[in-house]
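Below is one structure; the comments refer to it alone.
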Amino acid sequence: MFPELKNDRFLRALLKQPVDTTPVWMMRQAGRYLPEYRQSRATAGDFLSLCKNDAFACEVTLQPLERYDLDAAILFSDILTVPDAMGLGLYFETGEGPKFKHVIRSAADVEALPIAKASDLDYVMKAVTTIRHALNGRVPLIGFSGSPWTLATYMVEGGSSKDFRHIKGMMYSQPDVLHALLNKLAISVTDYLNGQIKAGAQAVQIFDTWGGVLSGPMYQQFSLMYMRQIMDGLIREHEGRKIPVIMFTKNGGQWLENMAATGPDALGLDWTTDMAEARARVGDKVALQGNIDPCVLYAGKDVIEREVAAVLEGFGHGTGHVFNLGHGIHQFVDPERPKYLIDAVHELSRPYHETQYDDLDALNGVE
Ligand code: CP3
């Protein structure tokens, strides 16, 4: 049904199969730092019109691939399309980020909230299929969703937040209400991701952008538990190929073992976690994705290459590493800079793949 995949090193690295060089993509690789993106957004009218029209979503998904030698494409959409489909009325106010017309604050609000079905997000499914065809097998297509906790922060706060006072207030004073909300979100997200997989997504990533604002015990109960529920319901093989799952909790470096135990193929790391240490802790169970500080892209070529080399050295020899930024690329980055990073990853990582090592113990026995 879809054209044959020509570059599969991203999928191979996630499944810890040998690769020739470390694959690389960047979170938020399609976005405002690219003048061609800003042009498309102006033509479409606004950001949501880009997301809701499959021709536009496809156009902007492919833009970074035209500029850079990336090993994966990521669906152009937003995590907040799911609460929008649940009737919350998503809109964007310039300079203020996302907002909802309706917020969730009470047991009655949660009770009245419908579960979203993939069919309620038909425009996303259509975009996935359109992009997959347009990619013509060049690189794999990543689908994604927000984690239940991260989506709930926007739904309860009504937009972005610094202190999370409404949702944390709910968590401590009405935990049952929050659990009911998170359960509805977990069911919705599972169907949404499975819908994307059936529509053509070849890997999926769960963005838990705000899990790291929780204490350890609260993270386990209110974020990780619902990601586990999703993990248990995801399609893991489709049309004869494995569908790797990447779990990314920003600022979740303390909980890698707990995350790995829920069964993802890979964990995303932000730059506050040391790559070598992460590999020593969970590298036998999962692949690792990350984790250069996105601000490195404000520096020149030499510094970018030095920092890329440091992350590659941190991971060390063998497969199981997907290079990425530790979080999304910033809108003020000069679009010339990512090229230095991406080319450096491909060049400098080759020696790490010349011999395949099964694990770090094997490495210790090699001169
Ligand atoms: O990675 C990609 O290229 C795919 C596209 C993508 C977007 N949002 C496009 C976008 C992805 C994967 C997301 C995920 C997303 N959206 C997250 C999780 C990842 C993360 O960054 O932590 C979150 C928390 C959101 C919610 C959201 N959407 C916010 C907070 C904002 C405003 C950001 C800001 O700096 O103003 C958005 C808008 C958004 N999503 C833009 C893009 C390109 C900018 C919109 C514009 O063009 O003005």
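We did not get these values from a lab; they are worked out from the coordinates using the rules stated. What you see is a predicted model, and the numbers here were worked out from it, not measured in a lab. In this analysis, Cβ positions are derived from the backbone assuming ideal geometry, glycine residues included, and neighbour counts consider all displayed protein chains.
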If exposed trypsin sites (Lys or Arg not before Pro) are those in a DSSP loop with at most 13 other Cβ within 10 Å, what is the longest stretch of the chain that has none? 237-367
Can you compute the charge dipole magnitude of the chain about its Cα centre, using +1 on each Lys and Arg Cβ and -1 on each Asp and Glu Cβ, nothing else charged? Give it in debye, rounded to the nearest 20. 820
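Work the Kirkwood hydrodynamic radius out for the range 212-302: mean of 1/r over every pair of different alpha-carbon atoms, inverted, in Å. Walk me through the intermediate numbers first.
Numbers: mean 1/r = 0.0700 Å⁻¹.
It works out to 14.3 Å.
If we count other beta carbons within 10 Å of each Cβ, what is the order of Y340, Y154, fewest first? Walk me through the numbers before you get to the answer.
On the way: Y340 20, Y154 27.
Lowest to highest Cβ neighbour count: Y340, Y154.
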May I ask you to list the aspartates and glutamates whose Cα is less than 16 Å away from that of K301, ignoring any residue fewer than eight positions away on the same chain? D293, D334, E336, D343, E347
Run the reach check for K52 against lysines, Cα to Cα strictly under 30 Å, same-chain hits fewer than 8 apart removed. What comes back? K6, K99, K101, K117, K126, K162, K184, K198, K242, K250, K339
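Would you tally the net charge around R67, using a Cβ to Cβ cut-off of less than 13 Å, leaving R67 out, and scoring K and R as +1, D and E as -1? The partial results should precede the final answer.
Values: positive: R337, K339; negative: E36, E66, D69, D334, E336, D343.
Within the 13 Å Cβ shell, the charges total -4.
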Could you tally the net charge around E157, taking each other residue with its Cβ under 15 Å from the Cβ of E157, Lys/Arg +1 and Asp/Glu -1? +2
Just add up the charged neighbours of H238: K/R +1, D/E -1, any other residue whose Cβ is under 13 Å from the Cβ of H238. +3
Towards the positive end of the charge dipole of the range 9-363, with charges on Cβ (+1 Lys, Arg; -1 Asp, Glu), say which of T319, I197, A180 has the farthest Cα. A180
From a point 7 Å beyond the Cα of F164 in the direction of its Cβ, which residues of the range 184-209 have a backbone N at a distance under 20 Å? 184-187, 189, 206-209
Longest principal axis of the chain (C-alpha) makes with the long axis of helix 175-199 (C-alpha) an angle, in degrees to the nearest 10, of 50
Would you give the gap between the C-alpha center of the range 153-171 and the C-alpha center of the range 13-55, rounded to a whole Å? 28
Between the Cα axis of helix 148-157 and the main Cα principal axis of the chain, the angle (0 to 90°, nearest 10) is 50
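Out of the DSSP beta bridges found with both residues in the range 9-363, what percent are antiparallel (nearest 5)? Write down the numbers at each step before the final one.
On the way: 7 of 31 bridges.
Percent antiparallel among DSSP bridges in the range 9-363 is about 25.
Subtracting the Cα-Cα distance from 0.36 nm times the residue separation, let me have the gained length for R32 to K301 in nm, one decimal. Display every interim value, and only then the final one.
Numbers: separation 269, 0.36 × 269 = 96.84 nm, distance 2.15 nm.
The span from R32 to K301 would gain 94.7 nm if fully extended.
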